[in-house]
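None of the figures in this text is laboratory data; all of them are computed from the coordinates on show. Computed from a prediction, not measured in an experiment: that's the story for all the values here. Note: ideal-geometry Cβ built from the backbone for every residue, glycine included; neighbour counts use all protein chains shown.
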Amino acid sequence: MSNDTVHGHHHDSSHGQRHESGHARHHGSDLDWDAIGPLLEKNAELSTGQYTEAARWIAGLPGAPEVRRVLDIGSGPGVVACLLAEVFPEAEVVAVDGTPALLERTRDRAKRLGLGDRVTTLHAELPDELDRAGEADLIWAGNALHHMGDQRSALAGFAGLLRPGGTLALVEGGLQPRHLPRDIGFGRPGLEERLDVIQAETFEQMRADLPGTKRETENWAALFTAVGLAPQGTRSFLLDLPAPLTEAARDHVIDNFTRRHESLGERLDAEDNAVLDRLTDPEDPAGLNRRTDTFLLLARTFHLGRKA
Ligand SMILES: C[S@@+](CC[C@H](N)C(=O)[O-])C[C@H]1O[C@@H](n2cnc3c(N)ncnc32)[C@H](O)[C@@H]1O
């Protein structure tokens, strides 16, 4: 499973209702990417340090050709696409995604950062329209591959677009985020572990519902080899924001708990739901808005492969 924290049986996060309100469902899944956009954006912004470190690792790989064209596959709100344009100053970066609202966020962000001439967007349904993205020296797929039913065939598609010597950076796996001590002083200790179990189940359901879904042993290095890429190593990068959190980080944690309460609450027992009610209540002295022990700790894992 991956730590993008957005899986589940989702409701429109602003109204707590299902999608009749006009948000489109995308890509054959039950996820409402438009509504998740702000959460994805904050999540990526808080991880800018990790992503920059990972991108510099790629830039420093011995023997890699100069990076002139980058594809950010499943680019979401474009935080990473802009960061890649900064780390690879000679490159044009194409943010490829199936959600128009997120591509719009990407264009706005690129313009704001003065990167509008080098960061462009491509609306594409993946993996079917992958070829429209064209070839690249670096393909970055951050928490995106697991949204494609046939991961092996999607990886083969990525490999097919890489120029000789080009790199695939796959962000999958890592460690689920932790935000609170095991015992928060009320309710049954171990809430986050229980949320993880339910999230793993909804992740599996999300995968089972994808078009053309195929079970695959997620041995990424072996799959790289199978599609003609030489594995270049795996590294995990830690996001470690200890308590007390900044306001921005705390607000993100509150958004994350609110979302998980809405999307996973029906699978939790009454006691855990009552705890989540208190945690997400801005006025509750033991809620996330007031408590001083909230932190953010997670790991993202990068798997690199090179085209011969
Ligand atoms: C979990 S988000 C990851 C966003 C970004 N890469 C990051 O790491 O912050 C997954 C992204 O993949 C896109 N996506 C999911 N399935 C897709 C598909 N079949 N075709 C195109 N885009 C897809 C969604 O719109 C969303 O922006």
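Below, the figures for the structure above:
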quantity: Counting DSSP beta bridges with both ends in the chain, the antiparallel % (nearest 5); calculated: 50
quantity: Student exercise, segment 118-256 dipole from Lys, Arg, Asp, Glu Cβ charges, in Debye to nearest 20; calculated: 300
quantity: Residue (of Ala222, Ala110, Ala141) at the positive-pole extreme of the chain, dipole from beta-carbon charges; calculated: Ala222
quantity: Distance in nm between pseudo-label sites at Ala200 and Phe186 (7 Å out along the Cβ direction from Cα); calculated: 2.9
quantity: The chain - charge dipole about Cα centre, Lys and Arg +1 at Cβ, Asp and Glu -1, debye rounded to 20; calculated: 940
quantity: Stretch gain in nm, segment Glu86-Glu53, where the contour uses 0.36 nm per residue and the Cα spacing is subtracted; calculated: 10.7 nm
quantity: Local electrostatic count at Arg250 - Lys and Arg +1, Asp and Glu -1, tallied over other residues with Cβ under 13 Å; calculated: -1
quantity: For the chain, built as a Gaussian network whose Cα springs stay under 10 Å, the top-fluctuating residue of Arg118, Arg132, Arg178; calculated: Arg132
quantity: Candidates Gly233, Gly149, Gly63, ranked by Gaussian network fluctuation over the chain, Cα under 10 Å, top entry; calculated: Gly63
quantity: Simple spin-label estimate for Thr217 and Asp269 in nanometres, 7 Å along Cα-Cβ; calculated: 3.8
quantity: Net charge contributed by nearby residues that have their C-beta within less than 11 Å of Gly116 (K/R +1, D/E -1); calculated: +3
quantity: Protection-proxy order for peptides 162-173, 273-284, each taking the mean of Cβ atoms within 10 Å per residue, highest first; calculated: 162-173, 273-284
quantity: Dipole magnitude of segment 73-139, debye to nearest 20 (Cβ charges: Lys/Arg +1, Asp/Glu -1, about Cα centre); calculated: 440
quantity: Fully extended contour minus Cα-Cα distance, from Asn289 to Arg235, at 0.36 nm per residue; calculated: 16.1 nm
quantity: Most fluctuating residue given options Arg215, Arg105, Arg152, as computed from a GNM of the chain linking Cα atoms under 10 Å; calculated: Arg215
quantity: Hydrodynamic radius of the chain per Kirkwood, over alpha carbon pairs, in Å; calculated: 20.0
quantity: Net charge of Cβ neighbours under 14 Å - reference Arg68; Lys, Arg +1; Asp, Glu -1; calculated: -2
quantity: In nm, spacing of pseudo-spin labels at Glu125 and Lys111 (7 Å Cα→C-beta vector); calculated: 2.8
